[in-house]
1. With springs only between Cα atoms under 10 Å, which of Thr121, Thr71, Thr84 fluctuates most in a Gaussian network model of the chain?
2. Counting each DSSP H run of 4 or more residues in the chain as -39500 (n - 2.57), what helix-only mean residue ellipticity at 222 nm follows after dividing by all residues, to the nearest 500 deg cm²/dmol?
3. Highest GNM mean-square fluctuation, the chain, Cα pairs closer than 10 Å: which of Pro20, Pro95, Pro51?
4. For Gly101, what residues show an amide H to amide H distance below 5 Å, using hydrogens built from the backbone and excluding near sequence neighbours?
5. Among Val74, Ala19, Gln99, which residue has its Cα positioned farthest towards the positive end of the charge dipole of the range 6-121, with +1 placed on the Cβ of Lys and Arg, -1 on the Cβ of Asp and Glu, and the dipole taken about the Cα centre?
6. Dividing the Cα radius of gyration by the Kirkwood radius, what Rg/Rh value follows for the range 84-155?
7. In the set (i) -0.43, -0.75, -0.91, -1.14; (ii) -0.48, -0.87, -1.06, -1.33; (iii) -0.35, -0.71, -0.95, -1.36, which value of log10 I(q)/I(0) by the Debye sum over Cα atoms at q = 0.10, 0.14, 0.16, 0.19 Å⁻¹ was calculated from the structure you see?
8. Using amide H atoms built in the peptide plane, which far-off residues or other-chain residues are under 5 Å from Ala53 H to H?
Amino acid sequence: MPKIDLNTVPVRTGSSYPAPHDMAMKGRSQQRLGDAAGLTQFGANLVRLAPGAMSSLRHWHERQDEFLVVTEGVLTLVDDTGETLLTPGDCCGFPAGDQNGHHIVNRSMAEGAFVVVGARTDRETGWYSDVDLRVEIEDGKMRFLRRNGAEVTEP
């Protein structure tokens, strides 16, 4: 497999979250490395967080494992057990079905980065620990719902 030239991989910003939750992702960017390599069984993303930015809303997955390794800066893992500082080389794993909601926050004054790898499944449900929200994903299409199943209507 040839080396992936990061300069040719599009940088994505913004969020797929419905308003007002989409604003929480300001300062986050990502590059889809797995897509750039033609991978189909798992995704791999390089995520960059500006000072004060977060990776996502705190969440957990029903069917998909997640693994990450910090590549740059000092970041903070926030999960149900509290907060843990992460530095380059530190790794975290989140097994499918483990209801320990998690995300990464950059509380430092410098940019931080990590690579996250996750399973790709045809269907997935993700739950958000701190807001009344869940996501249903089927064949690559996302649908946001309230925990009770009601459709989310943006304000």
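What follows is calculated from the coordinates using simple rules that are stated; it is not laboratory data. Predicted, not measured: the structure shown is a model, and the values here were computed from it. Cβ placement follows ideal geometry from the backbone for every residue including glycine, while neighbour counts extend to all protein chains displayed.
1. Residue with maximal mean-square fluctuation among Thr121, Thr71, Thr84: Thr84.
2. Details: 1 runs with 4 residues, N = 155.
The helix contribution divided over the chain gives -500 deg cm²/dmol.
3. Between Pro20, Pro95, Pro51, it is Pro20 that shows the largest mean-square fluctuation.
4. Asp80
5. Ala19
6. On the way: Rg = 15.1 Å, Rh = 14.8 Å.
With Rh from the inverse mean 1/r over Cα pairs, Rg/Rh is 1.02.
7. (iii)
8. Hits under the 5 Å cutoff: Asn106.
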